[in-house]
Amino acid sequence: GDDATFTKCVVRSANSDGVFIRGRYATVSKSTFRGCYSGITIEGLGAAVIRNRVTNMDDRGIEIDGDDAEVSKNTVKVIEDGNGIDVDGDRTLVSRNTVVNTDEDCITVQGNDAAIVRNRCMASGDSCIDVSGRGATVEKNTASMSDSAVMEVSGDNFRIVGNKLSLAVDDADGMDISS
């Protein structure tokens, strides 16, 4: 439902989502998710996912489908078959997250006018940071140890500033940019 709030909760060993919310302006904050199929899933405008700890998921850590989302100050570790943070929507902010050891991308953002700022990503089975859409800002992120490109950015009118990238595995690219 709209305006749902999920705060200071602990969810362990769920066979599905730790929390699934469908509605506008949902907030999930200061909660812990451990050993679930997936951690946090929100479908709706204006989602806020702030200061959560998501560890040992079978599929994905945090997934947002909706415009005007904020995903900030979360810790996401050990995602077996999915992305650490996956956001699909325009005007999203993904900032100050730590994402470590994912089978796919650490952070994926699809949508226009997104800001991916000051995240720390390590040990990705695919890309550490993968951004697509028009007008993205990718700034001051630290990313290392990727099986694919450490950072992939596609779209037009994007801005890439002050990122630190290192340790692409085997023949992987440090950065793959296309428009």
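The values are calculated or read from the model by the stated rules, or taken from the named source; none is laboratory data. Just so you know, these numbers come straight off a predicted model, no measurement behind them. A quick note on method: Cβ atoms are made from the backbone with ideal geometry, for glycine too, and the neighbour counts reach across all protein chains shown. Note: areas computed on protein heavy atoms with side chains; ligands, DNA, RNA excluded. Shrake-Rupley method; radii C 1.70, N 1.55, O 1.52, S 1.80 Å.
Taking the chain, how many lysine pairs are there with alpha carbons less than 16 Å apart, if each pair must be eight or more places apart or span two chains?
6
In region 1-72, which trypsin sites (Lys or Arg not before Pro) are in a loop and have at most 12 other Cβ atoms within 10 Å, using DSSP for the loop call?
Filter output for region 1-72: K8.
Rounding to the nearest 20 debye, state how big the charge dipole of the chain is about its Cα centre with +1 on each Lys and Arg Cβ and -1 on each Asp and Glu Cβ.
1280 debye
I'd like the per residue volume of the convex hull spanned by the Cα atoms of the chain, given in cubic angstrom.
Taking only Cα atoms, the chain has a hull volume of 75 Å³ per residue.
I'd like the carbon and sulfur percentage of the solvent accessible area for region 31-179, probe radius 1.4 Å, heavy atoms only, ligands and nucleic acids excluded.
38 percent
Counting only heavy atoms of the protein chains, get the accessible area per residue of the chain (1.4 Å probe) and round it to a whole Å² value.
In whole numbers, the chain has 44 Å² accessible per residue.
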